[in-house]
1. Which one of A:Q63, A:Q71 is near DNA strand C (Cβ under 8 Å from one of its atoms) and more than 9 Å from chain B (Cβ to nearest Cβ)?
2. Looking only at the range B:91-112, filter to residues that are over 16 Å from the mean Cα position of the chain (by Cα) and within 11 Å of DNA strand C (Cβ to nearest atom); which one of those is nearest to the other protein chains (Cβ to nearest Cβ)?
3. Can you tell me which of (1) within 10 Å of DNA strand C (Cβ to nearest atom); (2) facing chain A (nearest Cβ under 9 Å); (3) closer than 14 Å to B:I121 by Cβ is the one B:M76 doesn't meet?
4. Please go through the range A:112-130 and pick out each residue that is in a loop (DSSP other than H, G, I, E, B) and within 14 Å of A:N72 (Cα to Cα).
5. For the subset of the range B:62-86 comprising residues that are aliphatic (A, V, I, L, M) and not in a helix (DSSP H, G or I), which member is farthest from DNA strand D (Cβ to nearest atom)?
6. Being over 17 Å from the mean Cα position of the chain (by Cα), polar (S, T, N, Q) and modelled with pLDDT under 90 is the requirement here; does A:S170 meet it?
2 protein chains.
Amino acid sequence: MGIKMSKRQSMNDGPTPMRPGKAKSRKYRELWKRPGYLVRRLHQIHVGLFAEECGGEDLTPVQFGILTVLQNGEEMDQLTLSTSVGIDRTSGADVIRRLERRGYVTRDASDHDRRAKIIRITHLGKDCVSRVRPMMARAQERLIGPLDDQERDEFLRLVEKLVNANNEASRAPLGTV
Amino acid sequence: MGIKMSKRQSMNDGPTPMRPGKAKSRKYRELWKRPGYLVRRLHQIHVGLFAEECGGEDLTPVQFGILTVLQNGEEMDQLTLSTSVGIDRTSGADVIRRLERRGYVTRDASDHDRRAKIIRITHLGKDCVSRVRPMMARAQERLIGPLDDQERDEFLRLVEKLVNANNEASRAPLGTV
DNA sequence: CCAAAAAGAGAAGTATACTCCTTTAAGCAG
DNA sequence: CTGCTTAAAGGAGTATACTTCTCTTTTTGG
């Protein structure tokens, strides 16, 4: 159902992003040294690892994120749910519609606000979360597995710092363009 | 033309991924601590910053990646080009087709291998790269801007390590599914 | 030399993740 | 109560990034 990747990986192999030391001329001349490129590749890798670990469940990281948020807070409108996993509302609506189609959530109009759709997780959805949680954890472990404990902490600290800081930046006016 | 994002940002704002210290129960219980989630958010942020910096050029990071690879090596078949920027061949074919539509590259059948399409960058494409390169650099700077010099080096080292290591992992048999 | 295997490409289908525009509903001001 | 603004959702459209299946061409093995 979209992702899958199974055996004969096709998580491509890229340019084997390692070039010795000889680079330096202009800062981001080579693709393999651009932070954005590395982040995109790492994201791809995570999606691949997640799909691999989740075997036959056919669930994506974002779908699982939605389900885990619902399992804590229970009951949310689409917009709140979407922003709480860090995607915009139209993307969220798509993801949630797919989850509904599979019986993992319900979408009912709210009583006191007939514009809003209230999303609730179903038993089927909860079962799915229980089943997939350990697979998700394995994917996370594999993603940062190549780092030792100290590096892991440092990596997570730095990524969090970047995400939080740029989160602010993106909500700032910044005008231009 | 798709991405854009302009003024009233909508690079969403997410859950403001910071929760004090109280988390710990199970390793990846909270979304905001999952490495995969953080990497996905950072990727989103980069795409947003890139679009913002590239103003009216309407070029995506991947499109720019393709163009810069072409500007170095000149002339490549679609498959080599796709893997050299780290995407699979069908995605690459899509991207390249769009670049062709805008006159940035040409796609001609090869003489000695009539299966292959040979991609070449045009003058228009080269002009575009010159124009966009400084914008791309600014996006990269902004992405890792929140880190000091020492952290930056460490972050890039760790991400590179993860990408390289998992690159290997994904080409390993690993069978299962 | 000819059949089988492998390689490049394309088409159809799906998921994420946006854009902009519209519809509908809610809340508030006069 | 009526009109104004805002908020939630949906539709149409696009880009990235996969999947699987198919077509054609090339290479290779007998």
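1. A:Q63
2. Step by step, filter the range B:91-112, then rank; the result is B:R97.
3. (2) is the only condition that B:M76 fails.
4. A:T122, the sole residue that qualifies.
5. So, considering only residues that are aliphatic (A, V, I, L, M) and not in a helix (DSSP H, G or I), the one farthest from DNA strand D (Cβ to nearest atom) is B:M76.
6. Yes: the conditions hold for A:S170.
Residues are listed down the side, and each one gets a yes or a no for (1) touching a helix residue (DSSP H, G or I) at 6+ places or on another chain (Cβ under 7 Å); (2) modelled with pLDDT under 95; (3) under 29 Å from B:V163 (Cα atoms); (4) not β-branched (V, I, T):
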| residue | (1), (2), (3), (4) |
| --- | --- |
| B:F64 | yes, no, yes, yes |
| B:N72 | no, yes, yes, yes |
| B:S84 | yes, yes, yes, yes |
| B:I96 | yes, no, yes, no |
| B:Y104 | yes, no, no, yes |
| B:A109 | no, yes, no, yes |
| B:R115 | no, yes, no, yes |
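The values are calculated or read from the model by the stated rules, or taken from the named source; none is laboratory data. Please read these numbers as outputs of a predicted model, since none were measured by experiment. Glycine also receives a Cβ, built like all others from the backbone with ideal geometry; neighbour counts cover every protein chain displayed.
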